[in-house]
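Only the coordinates and a few stated rules stand behind these numbers; no lab work does. Everything numeric here is computed off the predicted structure, so don't read it as measured data. Methodologically, a virtual Cβ is constructed for each residue, glycine included, from the backbone with ideal geometry; neighbour enumeration extends over all protein chains shown.
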Amino acid sequence: MDDFVKMRNAKGMQQKLPRRVNLLVHRTVAFFLLLRYVRLYVRLFPDNAWNVTLVLYLEGNELPSEILVKVDLENVGQIYIGTEPIINGSVTMTSINVDENAVSRWWPNGLGRQALYYLKVKAGGSSKDVRVGFRTIELVQNTIAGVTGLTFFFRVNGWPIYAKGSNLIPLDVLPERVTREKIRSLMLAAKDANMNMLRVWGGGIYEQDELYDAADELGILIWQDLMFACALYPTNKEFLDTVSEEVRQNIRRLQHHPSIALWAGNNENEEAIASFWWPEMAFNLKRYKDDYRTLYVHSIKPIVEELDPWRSYLVSSPTNGIESERNNYISSPGNTLYGDVHFYNNIMDSWKPDNFPTARFVSEFGFQSFPSLRTWKQATDDPNDLIFPLSELANHRQHHNVVDKISLHALAPTSPLLTVQSYVTDWTVLVIPGNSNIERKIFAKFIGPKKSLSAQEQFRVFCYLSQIHQAMSVKTAVEKFRRDRSQLKKQSGEGNNMGALYWQLNDIWQAPTWASTEYDGTWKMLHNYAKNFFEPLLITAHQEKTFWPVKNRISVWMISDLETAMPVNVTLALYNFDSFSPVKTLSMQKDLCSDCSMEAVTIRVEDLFTGQCSPSTCFLVVSMWNTNYDLLSDNWLLLEPPKKITTMVESNVRIKSVQGANKTTDGRYAFDVEVQGDVPAPFTWLEAGDIAGHFSDNGFFLFESNKVVQFITTRSDVTASQLAEKISIIQYSRAVDLFKPTSNN
């Protein structure tokens, strides 16, 4: 024992152990028993009773044929005591009813509180505490009257849930560096951004217990992939045996969590086979399809159904769900009429909503950006690495080459950023170095970093512009998906979207990635925007512009995740970039439906932009108020990319005051930060130096002279004056070169 402790404390040993290891020591006795796992199912019976079925996994020597089981439920008391037989030498089970009124229900974030209760289970002399949440959950895939396709949404406690969230990758390339504090901070960031679901991606790892505990406490549903992704796997007996043990252990470990919503067999492997990701597959396609079914259908699926029969199992993601099952589990993933969709397009204009799919559920989509300068400095102390044009280091840390299949007739590869890799009939596969693609996207919307700045300052602005582009792209997509909630196109059958999970929530290192939070937890602009576009009440505006039929109009939509309808007031206000006074205002009263999306008003662009305003000189602000004129939601719309705005001027944004801190209900500290400007200022970005925390709104459009945001931190030692000294501002109008009329404009 002493030798083991010395070995465990050795530096080399600490580096090689990826997870915490507990060593159980017991004396040599005639009888030893350990309650290893408690598996439980919670169901609501028609007689208003919750049924809790407990399956206990025992370990020991010379286990008896039966054992005394006691169960206590927090706030209720002892709910069971009795002797149960031991089955197959190591398992016993019992079933208990709990009156529905004796406990409160567990709800996802934003829809109610997360009521959790400790079950103390004792078998013989060994006991285990398990937290339980009383809730029902189902994945609904039903036919839709009059159209082709099936629904795809989650129903919790009988209520349809619009899934709002992101995808989770491993928190660190070395799991042993992940602390409870880092897990908690990341999950709080998801909750703060109004998320109610995270997809644990199948290309990562089964996460630590603390992450699932936090999900239970914060109301974050977990779409749990099993750990298979983007590859073809063997199906020899030795491999299948290890898979079986791995899946069994993790389902036993995790399935009691009320946050677990779904098991999915793999990430993108059905799509890989159906879409011929690897050309050599064509020579042995039957073998690959058979192996796929052997692993995910014939091996894993029965294990999931045995150990967790009351949760849904999708064989893959993306998948057509039931429709894929009807096609022997390999169909055509990406069909917008069924299941979930993964969507990536690196060529399109991602600020135009019509370029995104009208799908039932979008479980992956995203765009890259650079992390902040502060985060880059964690990876290098050489200032010449952090310059624009980009350095060798910045390009080396980009590990994603953009590959897009595009019609040669639609886009000829004339740009030096695009290189032809291969040619097949009238289609071309173009490979674009990842940073070149980000740069191309930036210069499509912005003139670029101000040329009078130093190379280091231009790099900081480049990072900032990349985050604007990412945030605006995902904002455009999510608002479109949420508008699609109550829309159903009768001709195509598309619509009824019920989920948007963007790629990705977190970062594994300091580099250009799709993440909305940086490696140290700093919020990117996207995460701040997510807080707004995932609000339960949302107003959005978008431009519908087509050449045939000729259409150029603004459509304003209201979206509600709430279960009650309400009367609201809607305001449209046009502003010029040189004044906080609106040029034109329209107001109307509307009845906002419950749990729905609905169009508030549609107006032709030429009717709205008249007189002093044009799409290149003004911007639109839309607001939704209750009948007491309390603001419920506001949003804004640019009809031209920022580089084409002709009237933008410097705003002189500054911090007027910092007050606080006030302790929040969850133990953090909040400062009130008042921001002031002289004229409207888009994409106003605040940073707090080395003080860890986030602003309640950031990257915002300052369209009033004063705005108060909160800075929220876990640090109790920070004063208002210290925070005021640390805050810096990136002003768009000072960071970039603005529009200058030329003969070519």
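Compare the peptides 84-92, 55-63 by average per-residue count of other Cβ atoms within 10 angstrom and give them in order, highest first.
Descending packing order for the listed peptides: 55-63, 84-92.
Could you list, by residue number, the cysteines of the chain that have no other cysteine's beta carbon within less than 4.7 Å of their beta carbon?
Taking the Cβ cut-off of 4.7 Å, the unpaired cysteines of the chain are CYS230, CYS463.
Looking at the chain, what % of the alpha carbon pairs are farther apart than 34 Å?
53
How do the peptides 269-281, 491-503 rank, highest first, by the average count of neighbouring beta carbon atoms within 10 Å per residue? Present the calculation step by step, with values, prior to reporting the outcome.
Working: 269-281: 16.8, 491-503: 22.0.
By packing density, highest mean first, the sequence is 491-503, 269-281.
Report D for the stretch 166-206 in µm² per second (integer): Stokes-Einstein, Kirkwood Rh on Cα pairs, 20 °C, 1.002 mPa s.
Roughly 195 µm²/s, to the nearest whole number.
Going by alpha carbons, how many degrees (0 to 90, nearest 10) lie between the helix axis of 455-483 and the longest principal axis of the chain?
Once rounded, the angle reads 70 degrees.
Any chance you could list the semi-axes, whole Å, largest first, of the equivalent ellipsoid that the Cα gyration tensor gives for the stretch 654-735, using √(5λ)?
The answer is 23, 12, 11 Å, longest axis first.
Pop the C-beta distance of LYS663 and ALA692 into the FRET formula with R0 = 22 Å and round what comes out to the nearest 0.05.
Values: r = 17 Å, r/R0 = 0.76.
With R0 = 22 Å, the Cβ-Cβ based efficiency is 0.85.
State the Kirkwood hydrodynamic radius of the stretch 429-491 in Å, one decimal place, computed from all pairs of distinct Cα atoms.
The Cα-based Kirkwood calculation yields 14.1 Å.
Once you place label points 7 Å from the Cα toward the Cβ at GLN612 and SER244, how far apart are they in nm?
Taking the two extended label points, one gets 7.7 nm.
Using 0.36 nm per residue, how much length does the chain from GLU650 to TYR344 gain when fully extended, once their Cα-Cα distance is taken away?
Taking 0.36 nm per residue and subtracting the Cα distance, the gain is 106.6 nm.
So, R0 is 30 Å and r is the distance between the beta-carbons of ALA231 and SER492; what FRET efficiency does that work out to, to 0.05?
That pair, ALA231 with SER492, gives E of 0.35.
Rank these for me by crowding, VAL362, VAL247, VAL649, going from fewest to most other beta carbons within 10 Å.
VAL649, VAL247, VAL362
In deg cm²/dmol, rounded to 500, what helix-only [θ] at 222 nm does the chain give when every DSSP H run of at least 4 residues adds -39500 (n - 2.57) and the total is split over its residues?
Per the formula, -6000 deg cm²/dmol.
Suppose a student asked you for the relative contact order of the chain, using Cα pairs under 8 Å spaced at least 6 residues apart; what percent would you report?
9
Give the Cα extents of the stretch 25-132 along the principal axes, in whole Å, largest first.
51, 29, 22
What distance in nm lies between label points placed 7 Å from Cα along the C-beta direction at ASN626 and ASP354?
Label-label distance for ASN626 and ASP354, simple model: 3.8 nm.
With everything on Cα atoms, drop me the angle between helix 237-254 and the longest principal axis of the chain, reported from 0 to 90° to the nearest 10.
With both axes taken from Cα atoms, the answer is about 80 degrees.
Between the stretch 116-140 and the stretch 282-304, what is the separation of their alpha carbon centroids in Å?
Cα centroid to Cα centroid, the span is 34 Å.
Measuring from label point to label point, each 7 Å out along Cα→Cβ, what is the PHE443 to VAL76 span in nm?
Taking the two extended label points, one gets 6.5 nm.
May I ask you to compute the full-extension gain from TRP310 to ASN569, defined as 0.36 nm times their residue separation minus their alpha-carbon distance, rounded to one decimal in nm?
Gain in length upon complete extension: 88.9 nm.
With r defined as the distance between the Cβ atoms of ASN101 and SER721 and R0 fixed at 51 Å, what FRET efficiency is calculated, to the nearest 0.05?
0.45
With angles folded into 0 to 90 degrees, how steeply does helix 180-192 sit against the dominant principal axis of the chain? Use alpha carbons for both and round to 10.
50
Convex hull over the alpha-carbon atoms of the stretch 537-639: what's its volume per residue in Å³?
Hull volume over Cα atoms, normalised by residue count, gives 98 Å³.
Sort 607-615, 108-116 by the packing proxy (mean of other Cβ within 10 Å over each peptide's residues), most packed first.
For the peptides 607-615, 108-116, the packing ranking is 108-116, 607-615.
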